[in-house]
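Since every read-out is calculated from the coordinates, none of them should be taken as a lab result. Keep in mind the model is a prediction, meaning the values are calculated, not measured. Ideal geometry is used to build each Cβ from the backbone, glycine not excepted, and the neighbour counts take in all protein chains shown.
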Ligand SMILES: NC(=O)c1ccc[n+]([C@@H]2O[C@H](COP(=O)([O-])OP(=O)(O)OC[C@H]3O[C@@H](n4cnc5c(N)ncnc54)[C@H](OP(=O)(O)O)[C@@H]3O)[C@@H](O)[C@H]2O)c1
């Protein structure tokens, strides 16, 4: 499987990239801005499985020139799985959020996935069914418990969830399935920075187990679905 995952330099994305790259037969293009951390991921992947194929690629999904991807895409040719995992969270009361905060959050959480899907979809579904997995949040899942200070973040994740549903309908004839995982809290630096006193029920590695399996198999059972992946009830 040829797999592209964003936000692979830390947390859930790091663990998911590691898991998928160390499974035989997978080639993983791991995207994030921090080149150093991606190189560490690459080394760890090689330690766990010397035959692993992980390509670290320093790229800013919000600001980089998407033409930078052309060379790699030419080599990969077919993309089986795209996991839009990179995310940005800013916690501030609504009235203190500045326009730049809204722009930053939507640039990473919504327009990043939009630009990637536009760029990558011509390489998907050509030989076999491809799967796009968007990583959203319970914060963007209708009816779930909400937390003050997350209006911009939750709105961006809700938009990503909705995009998933419509895009799946639009891609129906393209052999590309699109799903969204609205995940609950997971022990990562994003959560620790935002809610320092909160203890999440899952580690990044545990969530990565689920996301990896879902990316590989979920398209057989789901399309255009926004699935809550949380231990607490909404
Ligand atoms: N942890 C939770 O409790 C939780 C709950 C619900 C949803 N989520 C979602 O799960 C996903 C992963 O979150 P996490 O908790 O693992 O957070 P994290 O540890 O902070 O990881 C975020 C990742 O996104 C990357 N990233 C941020 N901006 C980027 C950009 N412009 N271009 C490319 N990569 C960028 C970061 O890498 P660089 O800084 O190197 O670019 C990093 O690898 C996010 O979408 C988040 O919203 C998390």
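Could you give the distance between the Cα centres of region 121-180 and region 1-75, to the whole Å?
Cα centroid to Cα centroid, the span is 21 Å.
Taking a ≥ b ≥ c as the square roots of the Cα gyration tensor eigenvalues, with a/c under 1.5 meaning rounded and otherwise prolate when a/b beats b/c, else oblate, which class fits region 96-154?
Oblate, because a/c is 1.5 or more while a/b does not exceed b/c.
Pick from 192, 204, 58: which residue has the top mean-square fluctuation in a GNM of the chain where Cα pairs under 10 Å get a spring?
Highest fluctuation of the listed residues: 192.
Can you sort 57, 141 from fewest to most other Cβ atoms within 10 Å of each residue's own Cβ? Display every interim value, and only then the final one.
Values: 57 18, 141 24.
So the residues, fewest neighbours to most, are 57, 141.
I'm checking a number: the convex hull volume of the Cα atoms of region 1-77, normalised per residue, in Å³. What is it?
Values: hull volume 6.0 nm³, N = 77.
Convex hull volume per residue, Cα atoms: 78 Å³.
Pick from 181, 18, 150: which is most flexible by mean-square fluctuation in a GNM of the chain where alpha carbon atoms under 10 Å apart are linked?
With Cα springs under 10 Å in the chain, the top fluctuation among 181, 18, 150 is at 150.
Would you please state the base-10 log of I(q)/I(0) at q = 0.19, 0.24, 0.28, 0.34 1/Å for region 32-77, with intensities from the Debye formula using one equal scatterer on every alpha carbon?
Per q value, in the given order, log10 I(q)/I(0) is -0.70, -0.92, -1.01, -1.10.
Taking the chain as a Gaussian network, Cα atoms linked when under 10 Å apart, which of 206, 35, 96 shows the biggest mean-square fluctuation?
96
Once fully extended, how much extra length lies between residue 232 and residue 118, figured as 0.36 nm per residue of separation less the alpha-carbon to alpha-carbon distance? Before the final figure, lay out each step's value.
On the way: separation 114, 0.36 × 114 = 41.04 nm, distance 3.43 nm.
Between residue 232 and residue 118, full extension yields 37.6 nm more.
For a test of the definition: using alpha carbon positions, the gyration tensor, and the 1.5 limit on a/c, classify region 134-234 as rounded, prolate or oblate. Could the numbers behind the result be given before it?
Values: a/c = 2.49, a/b = 1.53, b/c = 1.63.
Oblate, since a/c reaches 1.5 and b/c is not below a/b.
Taking each pair of distinct Cα atoms in the chain once, what is the resulting Kirkwood hydrodynamic radius in Å?
Working: mean 1/r = 0.0563 Å⁻¹.
Result for the chain stands at 17.8 Å.
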